[in-house]
Amino acid sequence: MTKHIFITGGVVSSLGKGLTAASLALLLQKRGYRVRMQKLDPYLNVDPGTMSPYQHGEVYVTADGAETDLDLGHYERFTGQACTRASNYTTGSIYSQVIQRERKGGYLGKTVQVIPHITDEIKAAIRSLDGPDVDIAITEIGGTVGDIESLPFLEAIRQLRQEIGRDNGLFVHVTLVPFIKAADELKTKPSQQSVGILRTIGIVPDILVCRCERPMGDDHRRKLAMFCNVEPELVIEEQDVKHSIYEVPRDLAAQDMDVYVLERLRLHVNCLDMADWEAMLRDLIEPANGEVEIAVVGKYIELRDAYKSIYEALTHGGIAGSVRVKVRRIESEALESGSPAEQLSGVSGVLIPGGFGLRGVEGKVAAVRYARERGTPFLGICLGMQCAAIEFARNVCGLDGANSTEFDERTPHPVIALMEEQKRAAGMGGTMRLGAKPCVLAEGSLAARVYRALEISERHRHRYEFNNAYRQAFEQAGMALTGLSPDGSLVEMIELPSHPWFIACQFHPEFQSTPLSPHPLFAGFVQAARARR
Ligand code: GLN
């Protein structure tokens, strides 16, 4: 039988619930258990795919093509376990299921209500993780306890734990213990109140994870235990990490959080083997080969969460070569007025991530030109590849005014154009080319050398793509089209054989990189940058 752990958050948002959940999952996995993870988000969008990065940060794409919350990226990076559509539900997706069923007469004349119909649908979503190959399912509830919109989710987990019993379900509450400077003190009151709200809806947390900037003393622990009805050893301290988020599992393990979880769930406490994780942390925290600086040129650069997986994958690329990757974040629009050479000077690599819309595109094109002309290692991803194609068309093939029809519908040279299947797509939600697709690499290409394979599978999220009418012009001018869809109809990767390291891909390799298994493109890119340095 699959056991369940429910993770809620208190006091404020952005507490790092996702990281806590992912860290716990890793520890349980390293004790020999098969773990699955899931996030339930209380907003009304059916998925985050239609939200601006300013609202929501990055949209994470699963192999099976779901556009999901970025916490799923943490889940996959920590556990190495692929998430699926069943790993992310929202209020919008739950309600649309229920409403569709109601329209089909599926409720047999009943009044359809939040309780039991919405809560039943939420419980079914949680139990969709159950199976003979899953020992423990971890479900994170988005938002903060006390929000009106998270109530149905909390009621659903309350009911579910009642149904499966205390030995099979566990409540973990992640909360904030703020440090008040003027009083020179950590304060437990907000956490007590947050647990108070949970209690009024019938949930008593089994474990309290306290996010704090300073270490908590025994007195705080006792106080929280006393007022929140938790045993003192189940008040876990989660201080801000010193170097990296990948240290969180180590900090939780030092307090035996995983041991208590297993004991509570009546599961055997096998040994914990963190040897590979510890080795990875050494390469990350004390790299043997110094530092490289890489420019990331994007449109949402001031927002750390907008390119979350890109930054993580660069870090993983550094781990692979035991080198620290320092990122110079460059707002692409700023390259349009200023001189790219000035802003990019001294970097050992240039990366252009994915994106949508016209703003900043010309700055990205300028950054490609800089990297191409100077021999600076270049990695273009999705929109980054499209910008590389636009730059090459204009400045090497002599196709003046070349562009993507996304930015200029009347361009004389639409080197990037809407995919055929997209011309028929209706609406915006979930209609892009999404998820993992196979790709065949050209023998002898840099791409094939980097991947050490000729057949790969990568995740996509796009509407536009390389226009096949320009294949010949590109190849004649020296751009190799080295990754194609198996039927040969879509250009997925391009590279410049005359350049030390210039690769661009239509897919998003960053979604498949983990600290224990850095993605070959990122490892290769960082290695090339190191050689350049
Ligand atoms: N806007 C481009 C497209 O839709 C690129 C998308 C992306 O970078 N994810 O094809």
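The values are calculated or read from the model by the stated rules, or taken from the named source; none is laboratory data. This one's a predicted model, so the numbers in the text were calculated from it and none came from an experiment. Ideal geometry is used to build each Cβ from the backbone, glycine not excepted, and the neighbour counts take in all protein chains shown. For accessibility, only protein heavy atoms count, side chains too; no ligands or nucleic acids. Shrake-Rupley method; radii C 1.70, N 1.55, O 1.52, S 1.80 Å.
Taking the range 1-115 as the region of interest, the strands (runs of 3 or more DSSP E) fully inside it that hold 3 or more residues being open to solvent by 10 Å² or more (accessible area, probe 1.4 Å) are 35-41. Residues in the range 399-409 that are assigned to a loop (DSSP other than H, G, I, E, B) and open to solvent by less than 50 Å² (accessible area, probe 1.4 Å): L399, G401, A402, T405, F407.
Can you tell me which of I456, I390 is of a type in the set (A, V, I, L, M, F, W, C) and either open to solvent by 20 Å² or more (accessible area, probe 1.4 Å) or closer than 19 Å to E510 by Cβ (or both)?
Going through I456, I390 in turn, just one is of a type in the set (A, V, I, L, M, F, W, C) and either open to solvent by 20 Å² or more (accessible area, probe 1.4 Å) or closer than 19 Å to E510 by Cβ (or both): I456.
Under the condition of being in a loop (DSSP other than H, G, I, E, B), open to solvent by 20 Å² or more (accessible area, probe 1.4 Å) and within 14 Å of the ligand (Cβ to nearest atom), the residues counted in the range 410-425 number 1. Tallying residues that are of a type outside the set (S, T, Y) and under 26 Å from the mean Cα position of the chain (by Cα) within the range 157-190 yields 7.
For (1) open to solvent by 60 Å² or more (accessible area, probe 1.4 Å); (2) without any contact (Cβ under 8 Å) to a residue 24 or more places away in the chain; (3) part of a helix (DSSP H, G or I); (4) not hydroxyl-bearing (S, T, Y), each residue gets a yes or a no:
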{"position": "R161", "(1), (2), (3), (4)": "no, no, yes, yes"}
{"position": "V172", "(1), (2), (3), (4)": "no, no, no, yes"}
{"position": "T175", "(1), (2), (3), (4)": "no, no, no, no"}
{"position": "P190", "(1), (2), (3), (4)": "no, no, yes, yes"}
{"position": "V195", "(1), (2), (3), (4)": "no, no, yes, yes"}
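Test R250 against the stated conditions and say whether it is basic (K, R), in a helix (DSSP H, G or I) and open to solvent by 50 Å² or more (accessible area, probe 1.4 Å). Answer is yes for this residue. All conditions in (1) over 27 Å from the mean Cα position of the chain (by Cα); (2) within 16 Å of the ligand (Cβ to nearest atom) hold for A366, with the sole exception of (2).
Within the option set Y464, Y451, being open to solvent by 20 Å² or more (accessible area, probe 1.4 Å), within 16 Å of the ligand (Cβ to nearest atom) and touching a residue at least 60 places away in the same chain (Cβ under 8 Å) holds for one residue only, Y464.
Under the condition of being among the polar types (S, T, N, Q) and not in a loop (DSSP other than H, G, I, E, B), the residues counted in the range 308-353 number 4. Give the residues of the range 354-379 that are out of contact with any helix residue (DSSP H, G or I) (no Cβ under 7 Å at 6 or more places or on another chain), surrounded by 22 or more Cβ atoms within 10 Å (Cβ to Cβ) and assigned to a loop (DSSP other than H, G, I, E, B), sorted by residue number. Passing the criteria: only G360.
Each row is one residue, and each column tells you yes or no for (1) open to solvent by less than 20 Å² (accessible area, probe 1.4 Å); (2) of a type in the set (S, T, N, Q); (3) away from the ligand (no atom under 16 Å from the Cβ); (4) over 15 Å from L351 (Cβ atoms).
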{"residue": "L490", "(1), (2), (3), (4)": "no, no, no, yes"}
{"residue": "L496", "(1), (2), (3), (4)": "yes, no, yes, yes"}
{"residue": "I503", "(1), (2), (3), (4)": "yes, no, no, no"}
{"residue": "P509", "(1), (2), (3), (4)": "yes, no, no, no"}
{"residue": "L516", "(1), (2), (3), (4)": "no, no, yes, yes"}
{"residue": "F525", "(1), (2), (3), (4)": "yes, no, yes, no"}
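Residues of the range 209-241 that are under 25 Å from the mean Cα position of the chain (by Cα) and of a type outside the set (D, E, K, R): V209, C210, C212, Q239, V241. Given the condition within 16 Å of the ligand (Cβ to nearest atom), under 26 Å from C83 (Cα atoms), part of a strand (DSSP E or B) and in contact (Cβ under 8 Å) with a residue 12 or more places away in the chain, answer yes or no: does some residue in the range 380-395 qualify? For the range 380-395, residues within 16 Å of the ligand (Cβ to nearest atom), under 26 Å from C83 (Cα atoms), part of a strand (DSSP E or B) and in contact (Cβ under 8 Å) with a residue 12 or more places away in the chain: present. Residues in the range 294-344 that are touching a residue at least 60 places away in the same chain (Cβ under 8 Å) and open to solvent by less than 50 Å² (accessible area, probe 1.4 Å): 23 in all. Considering the range 281-300, and only residues there that are acidic (D, E) and not in a helix (DSSP H, G or I), the residue that is farthest from G57 (Cα to Cα) turns out to be E286.
Hey, does the range 302-310 have a residue that's over 30 Å from G363 (Cβ atoms) and β-branched (V, I, T)? Lay out the reasoning, then the answer.
First pass over the range 302-310, keeping only residues over 30 Å from G363 (Cβ atoms): none.
Within the range 302-310 (the criterion being over 30 Å from G363 (Cβ atoms) and β-branched (V, I, T)), the answer is no, since none of the residues qualifies.
Among the residues that make up the range 259-270, is at least one of them of a type in the set (K, R) and touching an Asp or Glu at 6+ places or on another chain (Cβ under 8 Å)? Yes, the range 259-270 contains a residue that is of a type in the set (K, R) and touching an Asp or Glu at 6+ places or on another chain (Cβ under 8 Å).
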